[in-house]
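A.B. asks: Input: one structure, supplied below.
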Amino acid sequence: MDEPIHGSERGNTLVRGPQALAAGLGLVGLGIFGVWAGSDLPQGSLRAMGPGLLPRWLSIGVGLCGLALVAAGFLKDGHRLPPVALRGPFVVMLAILAFAVTIRPVSLGPLTTPGLGLIVAGPLAILIGGYATPDARLRELVVLALFLTAGCMVLFGDLLNLAIPIFPTAFLEAFAGSLSPRVLLRAGAGGLALVGLVLLGFGRGARRRAVEVAPHSMTT
């Protein structure tokens, strides 16, 4: 295990917890980027929340947590920086990029990506991001992606009524005028949750059958 750095091991350096300092600087940078990226979104108010209000304050909260970690890096003995593994950051950045280019149409030179909405972009980002660890399992990631996306659809699209693309643009055009967006949203969220429950129950049933089957020994 990585032991904390004690006073006799630090020498004359001011940094007492390199790991906390690096993590704090990363969170501060992430918070600043979040505030900048959402600066052009309407903020609204607590009574009428705009699409930029929640991301802005979440980014501010992340930045404040980062400042607390930076202070802890100078004031409290901590751990050394571990060896850098590139798989995790690369896969997480790939998941964020996939979410950004699929949730709404994005122009990439002469090409424009199709706007697939949260119902597709959410599970896709979770599935890709889950493989940041070598212990990822596809079925468990699919179940997690379905439940989290369904919860986000209900929370942000139904309860908070934020202007977030939920469905693919072609899907909305096909059902325009026949069903209200709120009914479509709730039906989509319910469908995702139902599929997640089926997969969850199927996985538990398979494990139960595997446990009940006892190995037989051959006798002569």
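A.B. asks: How many residues does the stretch 3-28 hold that are surrounded by 13 or more Cβ atoms within 10 Å (Cβ to Cβ), of a type outside the set (A, V, I, L, M, F, W, C) and modelled with pLDDT under 60?
C.D. replies: Going through the stretch 3-28 one residue at a time, the tally reaches 2.
A.B. asks: Would you tally the residues in the stretch 159-173 being within 17 Å of V120 (Cα to Cα) and not aromatic (F, W, Y)?
C.D. replies: Looking only at that region, the number is 9.
A.B. asks: Assuming L116 fulfils every condition listed in (1) assigned to a helix (DSSP H, G or I); (2) buried (at least 17 other Cβ atoms within 10 Å of the Cβ); (3) modelled with pLDDT of 90 or more apart from one, which condition is it?
C.D. replies: (1)
A.B. asks: Return a yes/no flag: does the stretch 104-112 have any residue that is of a type in the set (S, T, Y) and touching a residue at least 12 places away in the same chain (Cβ under 8 Å).
C.D. replies: Checking the stretch 104-112: not a single residue is of a type in the set (S, T, Y) and touching a residue at least 12 places away in the same chain (Cβ under 8 Å).
A.B. asks: Here is a check on your reading of the model: is R182 exposed (fewer than 14 other Cβ atoms within 10 Å of the Cβ), part of a helix (DSSP H, G or I) and out of contact with any strand residue (DSSP E or B) (no Cβ under 9 Å at 6 or more places or on another chain)?
C.D. replies: Taking the combined requirement at face value, the residue satisfies it.
A.B. asks: Something else now. Counting just the residues of the stretch 34-86 that are among the basic types (K, R) and under 20 Å from A23 (Cα atoms), which one comes out modelled with the highest pLDDT?
C.D. replies: K76
A.B. asks: Something else about it: Sort through V92, V183 and tell me the only one that's among the hydrophobic types (A, V, I, L, M, F, W, C) and more than 15 Å from the chain's Cα centre (by Cα).
C.D. replies: After ruling out the rest, the residue left standing is V183.
A.B. asks: Of the residues in the stretch 48-84, how many are part of a helix (DSSP H, G or I), of a type in the set (A, V, I, L, M) and either touching a residue at least 40 places away in the same chain (Cβ under 8 Å) or surrounded by fewer than 16 Cβ atoms within 10 Å (Cβ to Cβ) (or both)?
C.D. replies: Residues that pass the stated criteria total 11.
A.B. asks: In the stretch 160-175, which residues are of a type outside the set (G, A, S) and farther than 18 Å from P42 by Cα?
C.D. replies: I166, F167, P168, T169, F171, L172, E173, F175
The values are calculated or read from the model by the stated rules, or taken from the named source; none is laboratory data. Because the structure is predicted, anything quoted here is derived from the model rather than measured. Methodologically, a virtual Cβ is constructed for each residue, glycine included, from the backbone with ideal geometry; neighbour enumeration extends over all protein chains shown.
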